[in-house]
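The values are calculated or read from the model by the stated rules, or taken from the named source; none is laboratory data. The structure presented is a predicted model; accordingly, all values stated were derived computationally and were not measured. FYI the Cβ positions are ideal-geometry reconstructions off the backbone, even for glycines, and counts take in every protein chain you see.
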Amino acid sequence: MNMKVGFIGLGAMGLPLAKNLQRKGFDVNGYDVDPTRADALVELGGRKAASIAEASRGAEIVVTCLPATPHVEAVVLGADGVLANIDKGALLLETSTIDANGTDRVIAACEKQGTPFVDCPIGRLVLHAEQGKSLFMVGANDEDFARVEPLLDAMGEVTYRCGGRGMGSRMKLVNNFLLLTVAEVSAEAVALGTKLGLDIDTILAVTGGTTAQNGQLHTLMVNKVLKGDVVPGFTIDLAHKDMTLAMTAANENRMGLPVGSAAHAVYSGARATDYASKDYSALLDYACERAGVEPPRT
């Protein structure tokens with residue numbers, strides 16, 4: 001393959017994606033604010049860039065995978081950022097979960113200088129990214145989609161075309177609103193069951209056999225907090241950020257989300273504590289703490 005890819009943002013999600021690209025024959029030049037993050041990429045034959053500019057230059061496609069809207073705008077639009085250094089004709093593939101208005105600002109800047117752009121937020125968990133089983137929500141025209149499709153196939157297993165530029169970002173906002181609300185309700189349900197004297201295996205078996213079954217309880221929590229693992233794949237702080245994006249979008253469109261508002265308030269409370277830096281599956285521990293019961297473990 002040997003397509004040259006600049007990859008900016010080697011965090012919990014970005015690094016496994018970049019490693020999958022390198023393993024599948026792409027020539028990946030990775031950059032992260034923590035330079036040690038690129039070492040695992042170098043071990044696979046990839047390269048370590050010393051700056052955003054170095055990662056951007058010479059790449060046919062530049063991928064960004066960053067925590068929030070301000071990071072994306074600083075990295076892409078900054079004086080020494082991606083657009084100031086990307087080669088003419090090279091494409092920007094933006095995979096972060098950010099404010100749809102922020103995506104639109106990046107789109108406008110790309111259009112102004114003729115840089116092709118695709119927004120492509122990532123679905124599923126870090127464990128799926130590590131297995132090459134990510135899901136992608138793409139906003140792109142046909143020509144640009146054809147350019148990025150080989151990368152998406154190398155990094156994941158499912159891709160959905162959500163519409164033109166900006167629609168991937170909007171789909172991710174809706175997706176995360178739903179899953180994060182379900183995660184909080186699942187945490188409360190397990191806390192309630194524990195308070196009532198039910199054991200966790202019974203709770204999982206019964207809810208897994210009815211339409212109460214859901215990925216947040218039966219995949220996320222089973223593989224993380226119920227094993228006692230709250231090392232963050234996705235922090236409660238970032239989960240709060242994504243819930244806030246959904247609430248902001250609803251407010252801008254004069255739309256009420258009453259159940260979502262309640263869940264958002266829980267995330268707001270959790271991020272004011274030590275739970276902020278824990279994996280968002282630790283919502284279960286937070287709910288049990290408030291209920292005065294020991295968090296269950298499998």
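Figures for the structure shown
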{"read-out": "Checking residue 171 against (1) crowded, with 19+ Cβ neighbours inside 10 Å; (2) touching a Lys or Arg at 6+ places or on another chain (Cβ under 9 Å); (3) of a type outside the set (Asp, Glu); (4) within 24 Å of residue 98 (Cα to Cα), the condition it does not meet", "value": "(2)"}
{"read-out": "Where residue 39 falls short, out of the listed (1) in contact (Cβ under 8 Å) with a residue 40 or more places away in the chain; (2) farther than 20 Å from residue 90 by Cα", "value": "(1)"}
{"read-out": "Residue 104 part of a helix (DSSP H, G or I), among the acidic types (Asp, Glu) and either under 26 Å from residue 157 (Cβ atoms) or outside the structural domain of residue 214 (by TED's automatic domain parsing) (or both)", "value": "yes"}
{"read-out": "Checking residue 59 against (1) under 28 Å from residue 246 (Cβ atoms); (2) assigned to a loop (DSSP other than H, G, I, E, B); (3) among the small types (Gly, Ala, Ser), the condition it does not meet", "value": "(1)"}
{"read-out": "Residues located in the range 232-269, provided they are under 24 Å from residue 71 (Cβ atoms) and among the hydroxyl-bearing types (Ser, Thr, Tyr)", "value": "235, 244, 248, 267, 268"}
{"read-out": "Of all residues making up the range 158-214, the number that are part of a helix (DSSP H, G or I), touching a helix residue (DSSP H, G or I) at 6+ places or on another chain (Cβ under 7 Å) and of a type outside the set (A, V, I, L, M)", "value": "13"}
{"read-out": "Qualifying residue in the range 139-148 (condition: in contact with a Phe, Trp or Tyr (Cβ under 8 Å, 6 or more places away or on another chain), within 24 Å of residue 241 (Cβ to Cβ) and surrounded by 17 or more Cβ atoms within 10 Å (Cβ to Cβ))", "value": "no"}
{"read-out": "Whichever residue in the range 235-250 is more than 17 Å from residue 12 (Cα to Cα) and small (Gly, Ala, Ser) and, among such residues, is surrounded by the fewest Cβ atoms within 10 Å (Cβ to Cβ)", "value": "250"}
{"read-out": "Top-ranked residue of the range 218-234 - restricted to ones that are part of a loop (DSSP other than H, G, I, E, B) and in contact with a strand residue (DSSP E or B) (Cβ under 8 Å, 6 or more places away or on another chain), ranked as surrounded by the most Cβ atoms within 10 Å (Cβ to Cβ)", "value": "224"}
{"read-out": "Residue count for the range 23-40, restricted to those that are surrounded by fewer than 24 Cβ atoms within 10 Å (Cβ to Cβ), assigned to a helix (DSSP H, G or I) and in contact with a strand residue (DSSP E or B) (Cβ under 8 Å, 6 or more places away or on another chain)", "value": "3"}
